[in-house]
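Colleague: Here's a structure for you.
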Amino acid sequence: MARIGIMWRQLAYYYLIIIVTVSVLALLVAEKTERYYLRGIEEDLRIRAELIEEVLVGYLPGGHIEDIDQIAKKLGRKIGTRITVIAPDGVVLGDSEEDPERMENHATRPEIKRALEGQVGKSIRYSTTLKQRMMYVAIPVEKSGRIVGVIRTSLPLEEIEGLIGTMNRNIGHFTVLLLTFALVLACLSSKLLSRPIKDMVDTTKKIASGDFGVRVFAKRKDELGELAAALNEMARKLEDSFASLSTERQELRAILSSTVEGIVVLEEGGRIILANESFKRMFGLPPSIGG
């Protein structure tokens, strides 16, 4: 099984962290942006409803349905927004898109129920009348402290969702570019970190094989730099120790060679480790025996 190098392991860790972080951020940005965009549209629909209220408040309650419906249709065409006027009992008094007499009672609609409670009603749901998803904002119309009707404005979500989809795709493209750029940076970072480690591993192998003159060239000021300096110091001390041992061995050989008496050094098993020339001549041993 192939061994995975530290560079690739570190790269995988870095990139996994980057992917998770960037993906979470992208999702948060997309969600926040969509929420902000929808909130802006809700606010715009609320302002439009309040402006329409100023026009229609004189017709509520008790105004002719034909007059209310005609005004709703006229204003709806001008501002490009669907307008619905509802009585307190849920009966539709006017609508910019449909005939109010053919529309069902709206008292159970969530945004209408909220408006009849004196609050601003908001809802995103499927319109059975227009056969598409809509955003609704409804406000109460009050006179003398009592609710006399509801003004509701709405827009189809098809165009809005298209804009949000385009925005999310742009965020996705930017995320891919960011991840690609992050991958390049992670590769460079991993390579810069793994290179001195590989050099130290190679140097350690050479020292283990007896090459004490090898050194690690690292100019880093971090822990890796300290490790490289310690490795170089160890190699220097080993080199000095080996040189001292070699010198002592040469001196010992010179002393033994100049001694007339026969001298031999045996290991525990009786094998000759060292013998001078006098000893070799005494016993007729070949020159290669005992150094």
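Bear in mind these aren't lab numbers, they're just calculated from the coordinates by the rules spelled out. Quantities reported herein were computed from a predicted structural model and do not represent experimental measurements. No Cβ is skipped: glycine too gets one built from the backbone with ideal geometry, and neighbour counts run over all protein chains shown.
Colleague: Quick one: what does P(r) look like for the chain with 10 Å bins over all Cα pairs, in whole %?
Modeller: Histogramming the chain at 10 Å steps yields 5, 16, 13, 9, 8, 8, 7, 7, 6, 5, 4, 5, 4, 1, 0 percent.
Colleague: Among 73, 32, what is the fewest-to-most ranking by other Cβ atoms within 10 Å? Before the final figure, lay out the partial values.
Modeller: Working: 73 16, 32 10.
Fewest-to-most ranking of 73, 32: 32, 73.
Colleague: Hey, another quick one. Using a ≥ b ≥ c from the Cα gyration tensor of region 6-166 (square roots of the eigenvalues), is it rounded, prolate or oblate, where a/c under 1.5 gives rounded and otherwise the larger of a/b and b/c decides, a/b for prolate?
Modeller: Taking the square roots of the gyration eigenvalues as a ≥ b ≥ c, region 6-166 is prolate.
Colleague: If each residue of separation counts as 0.36 nm, what is the full-extension length gain between residue 13 and residue 167 once their alpha-carbon separation is subtracted?
Modeller: Difference between extended and current length: 52.4 nm.
Colleague: Mind listing the phi-derived Karplus ³J(HN,Hα) values for region 83-96, rounded to whole Hz, using 6.51, -1.76 and 1.60 with θ = phi - 60°, and x for any glycine or proline?
Modeller: 10, 10, 10, 10, 6, x, 8, x, 6, 7, 9, x, 8, 6
Colleague: Okay, next question. On a straight-distance basis, which lysines could pair with residue 191 in a cross-link, Cα separation under 27 angstrom, same-chain partners fewer than 8 positions away excluded?
Modeller: Candidates past the 8-residue exclusion: 205, 206, 219, 221.
Colleague: Relative contact order for the chain using alpha-carbon pairs under 8 Å, separation at least 6, rounded to a whole percent?
Modeller: So the answer I get is 13 percent.
Colleague: Another question, if that's okay. Which lysines, on any chain, are close to residue 131 with Cα under 25 Å apart, when same-chain ones fewer than 8 places away are left out?
Modeller: Counting by Cα, and skipping residues close in sequence, residue 131 has these lysines nearby: 73, 74, 78, 113, 122.
Colleague: Another one. Take each uninterrupted DSSP H stretch in the chain, measure its Cα extent along the helix axis, and return the ones at 20 Å or beyond whose mean Kyte-Doolittle hydropathy is at least 0.5.
Modeller: Going by DSSP H runs, the hits are 6-56, 157-208.
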